[in-house]
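Below: one structure, written as structure tokens.
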Amino acid sequence: MIEPSVRSQLVSYPIRDIVQAAKKIEKKGTDMLYFNIGDPAPYGFRPPQHILDAVKEAIDQNYSGYSPSGGDPELKQAIAEHENVDTEDVFVTVGLSEGIDFIYQALMDPGRNFVLPSPSYPLYITKQRLAYGTLEFYDTDQSLEPDIESLRKSITPYTKGIVVINPNNPAGTVYSRKTIQDIVDIAGEYNLPIIADDVYDQMVFDGELTPVKKLSKDVPVISGNSLSKNYLYPGARVGYLSLHGETEHLRDVFQRLCNQRLSANWEMQRAYIAALKGPHDHIKKFNAELKERRDLVVKKCNEIEGLSVAPPKGAFYAFIEVEGPWKTDKEFVYELLETGVVVVPGSGFSPTLKKKYFRMVILPKLEQIEEGFGRIEKFLRAH
């Protein structure tokens with residue numbers, strides 16, 4: 001018998017883990033409604049045509065070899081201009097997921113931690129475990145904005161950085177300028193870098209986004225972004241990290257991490273150039289459609305007893321509180337599968353939540369959202 005490693009037991013990804021259980025029920029003939037994965041493609045959305053054309057052109061021009069390890073020079077220049085940094089401070093990664101992995105490899109030692117928002121994107125939790133780091137979270141308030149006092153209390157002598165996901169996945173919260181300024185002030189006070197997950201930074205349909213790097217001044221910031229969300233192309237698997245502030249000492253570290261994995265897909269890097277330099281007409285239209293879906297989700301949560309939600313203002317998720325006889329939100333979500341509705345338990349985004357939640361993707365068509373809430377309401381009434 002081959003023994004799996006201890007490290008392998010630390011890996012979990014609740015957003016996809018639930019699909020295995022859902023597929024078993026689907027085989028029995030149940031019509032499943034998937035509200036679990038933030039991928040625009042299954043719901044009919046496509047990347048802008050000029051980006052797809054750039055992929056075809058790259059294939060025709062034989063961009064089939066290894067690119068320079070740190071990224072296509074033209075793409076690095078386009079990102080540097082977009083981020084207002086030097087090209088030496090840009091590193092192209094295989095999606096932002098690899099960028100997150102690089103951040104942990106570059107900064108995290110056993111017994112150390114990044115303080116994570118509660119709720120947080122699950123990949124940060126898994127990577128922290130895999131690095132043998134300790135899990136530390138800062139709470140959010142009723143509107144799912146960061147609780148600044150909780151952030152301060154969560155910082156220990158072993159803290160290596162503060163993670164900020166804005167707009168937030170899973171909650172769709174767009175943090176206020178004051179909140180961002182408070183986080184920056186605390187990072188400066190404790191001499192900590194900020195890891196800014198900016199992957200949804202153009203996906204704001206209520207209010208205005210204040211990026212961390214806009215207010216950071218002397219606080220070092222590692223900003224991450226990708227082609228996946230803003231440009232509706234998650235399958236391209238191209239992202240980047242950009243370094244802001246006093247971060248020169250990290251350049252060599254990230255370059256060596258890029259070298260050891262050779263390179264990101266070169267054809268898709270050419271697509272990212274087209275994305276950054278080309279028209280952005282799709283953003284306004286996409287955000288308008290998301291707002292319409294958000295409004296329906298909030299309306300349904302207000303109408304159905306046992307559900308409540310802080311209205312999301314960005315990204316494409318709703319983090320919905322549920323009341324009822326279930327001991328855990330995981331128990332609720334797995335029982336709900338029998339109705340054909342697939343959502344993700346809130347505890348998968350933080351083990352410190354004091355209430356039961358589930359995350360729902362708001363990308364499906366309005367009639368699918370209506371149908372999904374109809375099944376949820378019937379399920380809640382039965383219990």
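Throughout, read-outs are computed from the coordinates displayed, never taken from laboratory work. All values reported here derive from a predicted model rather than from experimental measurement. In this analysis, Cβ positions are derived from the backbone assuming ideal geometry, glycine residues included, and neighbour counts consider all displayed protein chains.
Please list 38-44, 119-125 highest first by mean number of surrounding beta-carbon atoms within 10 Å per residue.
119-125, 38-44
Using mean Cβ contacts within 10 Å as the protection proxy, how do 91-99, 59-67 order, highest first? All intermediate terms of the calculation are to be shown ahead of the outcome.
Numbers: 91-99: 24.1, 59-67: 11.4.
Top to bottom by mean Cβ count within 10 Å: 91-99, 59-67.
Just report the Cα centroid separation between segment 260-288 and segment 68-88, whole Å.
Taking the Cα centre of each part, segment 260-288 and segment 68-88 sit 13 Å apart.
How far is the Cα center of segment 29-43 from the Cα center of segment 174-226, in Å?
31
Going by C-beta contacts inside 10 Å, put Leu380, Leu243 in order with the fewest on the left.
Values: Leu380 17, Leu243 23.
Exposure proxy ranking, most exposed first: Leu380, Leu243.
How do Met360, Met1, Met108 rank when sorted from fewest to most other Cβ atoms within 10 Å of their own Cβ?
So the residues, fewest neighbours to most, are Met1, Met108, Met360.
Between helix 281-303 and the chain, what is the angle of the helix's C-alpha long axis to the longest principal axis, kept within 0 to 90° and rounded to the nearest 10?
That helix lies at roughly 30 degrees to the long axis.
Between the helical axis of 95-107 and the dominant principal axis of the chain, each derived from Cα atoms, what acute angle in degrees is found, rounded to the nearest 10?
70
With the Cα gyration tensor of segment 180-282 giving a ≥ b ≥ c as the square roots of its eigenvalues, does the rule (a/c under 1.5 for rounded; else a/b larger than b/c for prolate; else oblate) give rounded, prolate or oblate?
Since a/c reaches 1.5 but b/c is at least a/b, the shape of segment 180-282 is classed as oblate.
Quick one: putting +1 on the C-beta of Lys and Arg, -1 on the C-beta of Asp and Glu, what dipole do you get for segment 214-369 around its Cα centre, in Debye to the nearest 20? Before the final figure, lay out the partial values.
On the way: 24 positive and 18 negative charges, 89 e Å.
Result for segment 214-369 is approximately 420 debye, rounded to the nearest 20.
Among Leu241, Val174, Pro345, whose Cα sits farthest toward the positive end of the charge dipole of the chain (+1 at Cβ of Lys/Arg, -1 at Cβ of Asp/Glu, about the Cα centre)?
Projecting each Cα onto the dipole axis, the largest value belongs to Pro345.
How many angstrom lie between the C-alpha centres of segment 95-155 and segment 327-351?
Centre-to-centre distance over Cα atoms comes out at 22 Å.
Against the longest alpha carbon principal axis of the chain, how many degrees, from 0 to 90 and to the nearest 10, is the axis of helix 266-277 turned?
So the helix axis and the longest Cα principal axis differ by about 80 degrees.
For segment 49-277, how many pairs of lysine residues have a Cα-Cα distance under 16 Å, where the two are 8 or more positions apart or belong to different chains? Please report the intermediate quantities before stating the final value.
Values: Lys76/Lys277; Lys127/Lys160; Lys178/Lys213; Lys178/Lys214; Lys178/Lys217.
Taking segment 49-277 as the scope, the lysine pair count is 5.
Tell me, Lys229, Lys217 in order of fewest to most beta-carbon neighbours within 10 Å?
Lys217, Lys229
How would you order 143-149, 276-282 from highest to lowest mean count of nearby Cβ atoms within 10 Å?
143-149, 276-282
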